[in-house]
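Below: one structure, written as structure tokens.
What follows draws every value from the coordinates through simple rules; no lab data is involved. Just so you know, these numbers come straight off a predicted model, no measurement behind them. Using ideal geometry, Cβ is built from the backbone for each residue, glycine included, and neighbour counts are taken over all protein chains shown.
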Amino acid sequence: MKYVLIFLIGLALISCNNNPQKVNSAAADSAAMSKPRVDVPSFNKDSAYAYVVAQLAFGPRVPGTPAHEKCAGYIASKLKTWCKDVIVQKYRMAAFNGRMLDGKNIIASWKPGLKNRIILCTHWESRPWADHDPDPKLRKKPVDAANDGASGVAVLMEAARQFSLKEPNIGIDIVLFDLEDYGPPQDESQGEDKWWGLGSQYWAQNPHVQGYSAKYGVLLDMVGAPGATFLLEGVSQQNAGDIQRKIWDAANRIGYSSYFRYEKGGMVTDDHIFIMKYMNIPVVDLIHLDKTTDSGFYPYWHTTHDNLASIDASTLKAVGQTMLTVAYEEQ
Ligand code: AHN
Ligand code: ZN
């Protein structure tokens, strides 16, 4: 009797495992898990990497230098090949040290008439001083800003190229801010936020179109380092938690869980703060945070090591594919 029972249980287990319907539905479930809900184009990481290289070829894009001027021209002219509505917004602002800076925000809009729209943004210029370099002799040198500048621009340039090939359902504004990183060096800082994000402060108070609004925004900051970790930035979590969750869920669903961690990070003063403050639009900061560094940012933040050698096309792909997924799935 005991053996009969064991035999019957064994049979039940085998037949369960061999149930073709069950196997198929499990396969369908996992396919649904890994597949985006709509047809999302494939982000080309080599193309994005090439846009990093092209920006760095100008040298550090420090405000007031020819490299800065030329790179603005390069970015705007590339965007114009993919988008018919490109605006270069010019302004003058005082820096913490009293110097007057000429800034240029570069904006590319798809379906500008639609109210239903999102913002994809980053800053494009380089920090003038590598004030966090481990070597004190190098702290007055400008930063190549491969990661802290060029990486976000490169991802959004490739996204723009994709939008030109297949128009998304919703309106999109790619906004590339100038003068984000001209904040006071560590030893001169009074802990004030207002000297950072000058370009986003200008745009948020003087939008390129009157009465501008959007559903939400995503800010890219340092999105190209190898093995980057995107933690849940604190200000975004407080003010745009549902959107942050949506982005992280999209990234995890399409296979980028090693980058997009469901782990709380610190609060960062970044361009998203000013858009939320002046425009009342929720913005998520997608930023490389690292709890093992003194700064809390990625290890080469504001050092001379933030150069091309510290860029990985796979990270650009993870961020770029996630941005395309969010943009094309948005209703
Ligand atoms: C502050 O250091 C206060 N904010 C950093 C924002 C930033 C600079 N992101 C990139 N570079
Ligand atoms: Zn910076």
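For region 185-301, averaging the sequence separation of C-alpha pairs within contact (under 8 Å, six or more residues apart) and dividing by the residue count gives a relative contact order of 38 percent.
Here's the picture: charge each Lys and Arg Cβ at +1 and each Asp and Glu Cβ at -1 in the chain, and of Asn280, Leu56, Ala130 the one pushed furthest to the positive end of that dipole is Asn280.
The label-point distance for Lys90 and Leu114, in a model that sets each label 7 Å from Cα toward Cβ, rounds to 3.2 nm. Sorted into 5 angstrom bins from 0, the C-alpha pair distances of region 246-331 split as 3, 12, 18, 20, 23, 16, 6, 1, 0 percent. For a paramagnetic label modelled on Lys291 (point 7 Å from Cα along Cα→Cβ), amide N atoms under 18 Å away belong, within region 202-231, to 228-231.
Note that region 59-197 shows a convex hull volume over its alpha carbon atoms of 117 Å³ per residue. With a cut-off of 20 Å on the backbone N, the residues of region 163-192 near the modelled label site 7 Å out from Lys80 along Cα-Cβ are 163-165, 173-178. Most simply put, the chain has about 50% antiparallel DSSP beta bridges, counting only bridges with both residues inside it. In this simple spin-label approximation, Gln331 and Glu167 carry label points 7 Å from Cα along the Cα→Cβ vector, and these lie 2.1 nm apart. Once the chain from Lys215 to Lys264 is taken as fully extended at 0.36 nm per residue, the excess over their C-alpha distance is 15.2 nm. At q = 0.08, 0.10, 0.12, 0.14 Å⁻¹ the log10 of I(q)/I(0) for the chain amounts to -0.39, -0.56, -0.78, -1.06, computed by Debye summation with a single uniform scatterer per C-alpha, solvent ignored.
For the chain, the relative contact order comes to 23 percent (Cα pairs under 8 Å, sequence separation of at least 6). Label separation (Ser47 vs Ala309): 3.0 nm, computed from points 7 Å beyond Cα along the C-beta direction.
Measuring against 32 Å, Cα to Cα, the residue pairs Lys115/Lys277; Lys45/Lys70; Lys141/Lys246; Lys111/Lys291 contain Lys141/Lys246; Lys111/Lys291 as the ones spanning a longer distance.
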